[in-house]
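Q: Structure incoming, see below.
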Amino acid sequence: MVDTINIFDSSDPHIVVIVADDIGWGDLGYGGAEFPTTNIDQLRQQGISLNRMYAHESGSATRAALLTGIPGYALGLQNGIDTGSSAHIPLDVKTLPELLKSQRGYATHMVGKWALGYSKWEYTPTKRGFDTFMGFHQRYIDYWHYSATIEANEEENKETSVLNNEMLMGYDLWKNDKIYTPPIRMQYATELFDNELDTIIDDHVNGDNPDQPMFLYYTPPNAHAPIQYHYEYDNECSYIKETSELIRWKYCNLMQELDASVGALVKKLKESDMWDRTILLFTSDNGGLMCWDVGSVNSCSGSVNLPLRGGKGTLFEGSIRVRSILSGGFLDESLYGTSSEQLMHSTDLMTSLAEAANIEQKALYGHELSETGGTDSDQTTDSDESDSPKSDITGLPFWSWLIREDDAKMPNRDEPFIADMKLDPTSSYIEKAAVFWEGYKYIIQPTETYDGWWQSPLQGPSEIPSNSEGVETQPQPLPQSVGANTIMDVDDDSNTIQWTNLRMNEYLFKIDDDPAETQNLATDPQYTNVMTELRQYLISLAGAPRGHISQDATTSVDSDPNRFGNVWYPFEENYKPSYTN
């Protein structure tokens with residue numbers, strides 16, 4: 001637990017953050033889906049659409065960025081965190097709930113998916129700033145049985161290095177640090193979480209400090225695979241059932257479950273007289289999952305990212321550009337239905353919400369920002385050098401600018417905007433990256449990475465929508481794997497990088513004019529200077545110092561639930577199970 005200040009300001013807003021799982025660009029009603037998402041669409045009508053919000057290709061990296069203001073790759077989490085992994089948010093990094101508690105006296109609660117470390121108790125939610133937690137630690141669970149399954153490579157014979165691909169399965173539902181057995185057997189997970197949200201709000205309103213500001217972090221499993229839903233929504237999904245394949249119809253039902261959960265939470269906040277003081281952020285951790293392997297329950301969701309290119313696991317817009325809405329009764333009605341086209345990242349959400357909660361910049365960055373909003377620590381003055389440590393936070397505070405406060409200036413980045421980047425295991429060189437600069441988007445990634453517009457009869461209508469501006473192309477075949485080089489940290493004078501010989505795909509798009517990434521300009525002589533500038537920038541990034549090296553994101557055989565009563569228990573701790581219901 002984090003020590004809190006004894007006082008709070010009753011004028012500070014309640015902050016509710018909803019992080020949906022693997023929502024595609026075309027999976028919300030207001031975003032062009034074939035089905036409605038009535039409650040989420042209403043948030044958009046009564047809020048600000050953050051149209052250029054970018055996340056990491058890995059959900060865990062995005063969630064870490066949102067809670068710390070630091071990119072996932074800078075935390076050593078560029079590969080995400082798989083089920084049964086020891087990877088986690090580094091303990092020397094402060095999280096948003098920790099800061100809200102220590103700086104502004106917030107009550108902090110979490111419901112849903114954590115996926116940010118569990119192998120030791122100190123990595124889990126109630127040790128990272130949350131007063132209470134009810135949910136699961138791994139990257140997904142079965143919606144009915146609350147179990148997670150993963151294939152682990154176990155070394156059978158050390159002399160021959162023969163690997164046994166063992167399937168690990170265990171229970172993963174927790175209340176704080178206790179294994180939780182719900183009173184209703186096999187209650188649908190999202191509805192179970194709805195009940196917990198109601199309890200949290202009731203306890204807050206009827207508690208000793210109903211005026212205390214509250215931070216509620218809700219991360220439902222929807223719409224991550226497996227695609228399991230409770231009800232069949234005939235009115236909303238009948239058209240899908242008649243015109244598309246089964247997986248898209250199932251996905252429609254799963255999205256209705258998510259939409260109903262969002263609506264129930266908003267209704268509860270209004271009934272409890274908390275809505276008018278609430279800032280609500282809705283976002284996704286990455287784009288929709290494409291059908292890589294139709295035979296695998298976890299590799300096909302029925303999500304649609306069209307007209308954007310690619311999907312989860314790539315660096316194209318369909319993966320890293322995510323639907324995001326800023327809403328809530330705390331917003332002025334003049335902001336309803338407005339949009340922001342400013343490039344933003346998940347890291348900016350942390351710092352913008354911290355600004356909304358009146359946390360001082362010095363507590364975040366270790367110094368005050370310049371008028372242009374840069375985070376360069378060289379701006380620190382002698383008077384700033386006190387007990388505030390230097391911070392690795394790169395997120396910028398957009399709150400005042402987004403709500404159009406008088407004299408509020410838009411934060412500016414002094415360098416190209418890095419949407420995502422993957423480093424090698426030693427964090428010394430770059431394996432892939434997506435960078436925005438002066439209207440261009442540059443991608444470098446291995447040649448075997450899928451680079452088309454995912455079109456499958458499993459995912460509904462296969463044609464690209466005719467009204468999608470700038471989209472005139474055909475789906476591309478999956479490239480053959482030929483291996484991949486990386487951008488090493490090199491001496492510029494030695495000129496050791498032969499860019500034409502790299503077994504990597506390079507892409508350059510005029511992203512503002514070509515949001516579907518249809519015209520690759522990387523080999524056009526007209527853009528040679530642009531390519532040179534961006535390549536040099538990546539070389540400089542490759543040699544930059546790292547605060548945290550890459551963590552092992554893979555499943556540890558030591559995590560085998562069979563060792564812990566068939567539960568995904570913190571496997572670096574002594575096994576002392578505790579249960580609650």
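The values are calculated or read from the model by the stated rules, or taken from the named source; none is laboratory data. Everything numeric here is computed off the predicted structure, so don't read it as measured data. Cβ coordinates were reconstructed from backbone atoms using ideal geometry, including for glycine residues, and neighbour counts include every protein chain displayed. Accessible surface areas use protein heavy atoms only, side chains included; no ligands, DNA or RNA. Shrake-Rupley method; radii C 1.70, N 1.55, O 1.52, S 1.80 Å.
Q: By how many nm would the segment from S540 to M167 grow when fully extended, if each residue of separation counts as 0.36 nm and the alpha-carbon distance is taken off? The partial results should precede the final answer.
A: Working: separation 373, 0.36 × 373 = 134.28 nm, distance 4.18 nm.
The span from S540 to M167 would gain 130.1 nm if fully extended.
Q: Now, a different point. Computed over the Cα atoms, what is the radius of gyration of the range 205-253 divided by 2.2 N^0.38 Å, N being its residue count?
A: Taking the Cα Rg and dividing by 2.2 N^0.38 Å, one obtains 1.87.
Q: Between N412 and D558, what is the label-point separation in nm under the 7 Å Cα-to-beta-carbon projection?
A: 5.0
Q: I would also like to ask the following. Between rounded, prolate and oblate, where does the range 175-222 land on the alpha carbon gyration tensor, with a ≥ b ≥ c its root eigenvalues, rounded for a/c under 1.5, else prolate if a/b exceeds b/c? Could the numbers behind the result be given before it?
A: Working: a/c = 2.17, a/b = 1.83, b/c = 1.18.
Here the range 175-222 falls in the prolate category.
Q: State whether the range 1-113 is rounded, prolate or oblate according to the following rule on the C-alpha gyration tensor (a ≥ b ≥ c being the square roots of its eigenvalues): a/c under 1.5 gives rounded; otherwise a/b larger than b/c gives prolate, and the remaining case gives oblate. Mind dumping the intermediate values first?
A: Values: a/c = 2.42, a/b = 1.23, b/c = 1.97.
Here the range 1-113 falls in the oblate category.
Q: A further question follows. Hey, can you grab everything whose amide H is under 5 Å from the amide H of K113? Only 5+ residues off in sequence or another chain; H modelled, so Pro and N-termini drop out.
A: Those qualifying (amide H under 5 Å, at least 5 residues apart or on another chain) are F136, T219.
Q: What FRET efficiency, computed as 1/(1 + (r/R0)^6) with R0 = 25 Å and r the Cβ-Cβ distance, is obtained for T181 and N574, rounded to the nearest 0.05? Mind dumping the intermediate values first?
A: Working: r = 22 Å, r/R0 = 0.88.
About 0.70, to the nearest 0.05.
Q: Shifting gears a bit: At 1.4 Å probe size, with the rest of the protein present, what percent of the exposed accessible area of the range 322-367 is carbon and sulfur atoms?
A: Working: 550 of 1360 Å².
C and S atoms contribute 40 percent here.
Q: Any idea how far apart S10 and Y336 come out in nm if each label point goes 7 Å out from Cα toward Cβ?
A: Placing both labels 7 Å along Cα→Cβ, they lie 2.8 nm apart.
Q: A further question on this structure: Could you run the Karplus curve 6.51 cos²θ - 1.76 cosθ + 1.60 with θ = phi - 60° over the range 339-348 and give me ³J(HN,Hα) per residue in whole Hz, x for Gly and Pro?
A: 9, 10, 9, 6, 4, 9, 10, 3, 4, 5
Q: Considering only the other residues whose Cβ falls under 10 Å of the Cβ of G112, what net charge follows from Lys and Arg at +1 and Asp and Glu at -1? The partial results should precede the final answer.
A: Details: positive: K113; negative: D21, E196.
In short, -1.
Q: Just to check I understand the Karplus step: with θ = phi - 60° and J = 6.51 cos²θ - 1.76 cosθ + 1.60, what whole-Hz values come out for the range 431-445, glycine and proline as x?
A: Once θ is set to phi - 60°, the couplings for the range 431-445 become 9, 7, 6, 10, 10, 10, 7, 6, x, 9, 10, 10, 10, 10, 7 Hz.
Q: Quick check: with the 1.4 Å probe, what order do K178, K409 take by accessible area, largest first?
A: Details: K178 80, K409 130 Å².
So, going from the largest accessible area down, we get K409, K178.
Q: Which percent of the accessible area of the range 216-255 is formed by carbon and sulfur heavy atoms (probe 1.4 angstrom)?
A: Values: 680 of 1620 Å².
Carbon and sulfur atoms account for 42 percent of the accessible area of the range 216-255.
Q: Residues with amide H under 5 Å of H345's amide H, sequence separation 5 or more or different chain, H placed in the peptide plane at 1.01 Å from N; which?
A: Amide H neighbours of H345: Y54.
Q: I need the phi-derived Karplus couplings for the range 44-57: 6.51 cos²θ - 1.76 cosθ + 1.60, θ = phi - 60°, integer Hz, Gly and Pro marked x.
A: With coefficients 6.51, -1.76 and 1.60, one gets 5, 5, 10, x, 10, 8, 8, 6, 10, 8, 10, 10, 7, 5 Hz.
Q: For the full complex of protein chains and a 1.4 angstrom probe, list D420, D9 by accessible area with the highest value first. Each step should come with its number before you reach the end.
A: Numbers: D420 10, D9 60 Å².
Correct descending sequence by accessible area is D9, D420.
Q: Around G80, which amide H atoms from residues at least 5 apart in sequence, or from another chain, sit under 5 Å from its own amide H, with H modelled in the peptide plane?
A: A61
Q: Continuing with this model, one more query. Give me the percent of Cα-Cα pairs in the range 168-290 that sit more than 20 Å apart, rounded to a whole number. Let's see the in-between values first.
A: Details: 4131 of 7503 pairs.
Percentage above 20 Å: 55.
Q: With viscosity set to 1.002 mPa s and temperature to 20 °C, compute the Stokes-Einstein D of the range 105-154, Rh being the Kirkwood radius across alpha carbon pairs; µm²/s, no decimals. Intermediate results must be reported in sequence, preceding the final value.
A: Numbers: Rh = 12.2 Å.
Approximately 176 µm²/s, per Stokes-Einstein.
Q: Further question on the same structure: So if we plug the beta-carbon distance of N581 and N206 into 1/(1 + (r/R0)^6) with R0 = 25 Å, what FRET efficiency do we get, rounded to 0.05? Mind dumping the intermediate values first?
A: Values: r = 22 Å, r/R0 = 0.90.
Efficiency at R0 = 25 Å is approximately 0.65.
Q: Taking 45 Å as R0, compute the FRET efficiency from the Cβ-Cβ separation of Q526 and K362 and round it to 0.05. Let's see the in-between values first.
A: On the way: r = 46 Å, r/R0 = 1.02.
After rounding, the FRET efficiency stands at 0.45.
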